[in-house]
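Since the structure comes first, as structure tokens, the remarks are kept for the end.
The values are calculated or read from the model by the stated rules, or taken from the named source; none is laboratory data. Remember, predicted model here, so these are calculated numbers, not experimental data. In this analysis, Cβ positions are derived from the backbone assuming ideal geometry, glycine residues included, and neighbour counts consider all displayed protein chains. Surface areas here come from the heavy atoms of the whole protein model, side chains and all, with no ligands, DNA or RNA. Shrake-Rupley method; radii C 1.70, N 1.55, O 1.52, S 1.80 Å.
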Amino acid sequence: MMSGKPIKIVGLGKYLPQEVSSADLEQKHGLPQGWSEKYSGVKSRHHITFESIGYMGAKAIEQALEKCQMELKDIDMLISASASFDYPLPSQSSIIKSELKDGMKVNIPALDVDSSCLSFVSAFEIASSLLDGKKYKTIVIVSSEIASTGINPSNWETLTLFGDGAVAAILQFDPNTDSAYLKSTMQTYSEGVYDSTFKGGGMKLFFKDNPYDPEIHSFAMNGRKLLRLAKTHLPDFIDAFFEDLPIKMEETDAIIPHQASKLGVSILSSLYKVKENQVLGNLATYGNCIAASIPLVLHDAVESGSIKRGDTCFIIGTAAGFSIGGLLLRF
């Protein structure tokens, strides 16, 4: 058995807003029936009606706490791992904490991690580094994302691809567990830095000088170039990730890729001889939920029994920037 740091996921929780079918979305925006599933691979997704990022994140954490019979006072740190946010300030983690039961009474540290779609992976590495059984025994990571409000309806690709949702994972240092954090790494290939953008609202295109314009205040991506970058760099990244490990990617029990797009999800299966049902996904029913996509797949796989205690899981994804990140854990 591979050695690693004894980190155990003791609780998982999620929150999903109202479900929106592709048929309803196509009818509302005048798209040809069946376009979404054919080109984006998405049958349905969830879009907010009244929810905020803070609200969804708090609900996901509360569900995770309930499942493992813990309270907020048992948590040593809260990490918000997301790309979207309710406000530029204060930090999203502080907002999520304030929405929690006892959030105003328990004064644990709260911090944000944003590496776009890889935020959960980055936060898992940071949390695993901090967890020592002394100062930090238990850390909760929450990825809460709203993509639906930042979509340009004239861009059919992004309109049909993205969904909203939140998921929380409670990590614990436990020297008596077989569960483990085994390895993680991320590389950023800056030739793709502007191929996924949301330009409006920052200091470069400040709102005072740039009134609302869907071209700059909506998410945009160069899908073809991003796919080409992924196909170019993924093989070398994966080979380097596993070169010092006693197993190969194909020998892991489960592979969870970021649910980037229909073609993006299929890359691993086209490049590697993976086993049937080894690559897990939920793009068809959730769409791309930014940083919440990966932990949502993990949550549902654990709930369904597809991932069991002791299983070796390889998490792999891409993110705006352009970055590739990988995480290996024994659940």
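Of the numbered criteria (1) at pLDDT 95 or above; (2) among the charged types (D, E, K, R); (3) surrounded by fewer than 16 Cβ atoms within 10 Å (Cβ to Cβ), the one Lys273 fails is (1). So which of Leu227, Leu182, Leu205 is open to solvent by 20 Å² or more (accessible area, probe 1.4 Å) and over 20 Å from the mean Cα position of the chain (by Cα)? Checking each option against the conditions leaves just Leu205.
Being hydroxyl-bearing (Ser, Thr, Tyr) and modelled with pLDDT of 95 or more is the filter here, so list the residues in the stretch 1-35 that pass it. Matches in the stretch 1-35: Tyr15, Ser21, Ser22. Is it true that some residue in the stretch 316-324 is open to solvent by 30 Å² or more (accessible area, probe 1.4 Å) and closer than 21 Å to Ile53 by Cβ? Yes, there is a match, as at least one residue in the stretch 316-324 is open to solvent by 30 Å² or more (accessible area, probe 1.4 Å) and closer than 21 Å to Ile53 by Cβ.
Considering the stretch 83-125, the residues that are basic (Lys, Arg) and assigned to a loop (DSSP other than H, G, I, E, B) include one that is surrounded by the fewest Cβ atoms within 10 Å (Cβ to Cβ), namely Lys105. Per the listing Lys204, Lys199, Lys134, Lys208, the residue uniquely touching a strand residue (DSSP E or B) at 6+ places or on another chain (Cβ under 9 Å), among the basic types (Lys, Arg) and at pLDDT below 95 is Lys199.
Evaluating Asp114 against the criteria (1) within 30 Å of Phe207 (Cα to Cα); (2) more than 16 Å from the chain's Cα centre (by Cα); (3) of a type in the set (D, E, K, R) leaves one unmet condition, (2). When residues in the stretch 133-167 are screened for being polar (S, T, N, Q) and either in a strand (DSSP E or B) or closer than 24 Å to Ser93 by Cα (or both), 5 of them pass. Using the structure shown, decide if Gln69 is farther than 21 Å from Ser148 by Cβ, surrounded by fewer than 23 Cβ atoms within 10 Å (Cβ to Cβ) and either of a type in the set (Ser, Thr, Tyr) or touching a strand residue (DSSP E or B) at 6+ places or on another chain (Cβ under 8 Å) (or both). Judged against the criteria, Gln69 is not a match.
Listed by position, the strands (runs of 3 or more DSSP E) inside the stretch 1-56 whose residues that are at negative phi and open to solvent by 70 Å² or more (accessible area, probe 1.4 Å) number at least 2 are 18-21.
Selection of the stretch 281-315 for residues being open to solvent by 20 Å² or more (accessible area, probe 1.4 Å), over 15 Å from Lys8 (Cα atoms) and not hydroxyl-bearing (Ser, Thr, Tyr) yields Gly281, Ala284, Ile290, Asp300, Glu303, Gly305.
Regarding Ser80, is this residue open to solvent by less than 10 Å² (accessible area, probe 1.4 Å), at pLDDT below 95 and polar (S, T, N, Q)? The answer is no for Ser80.
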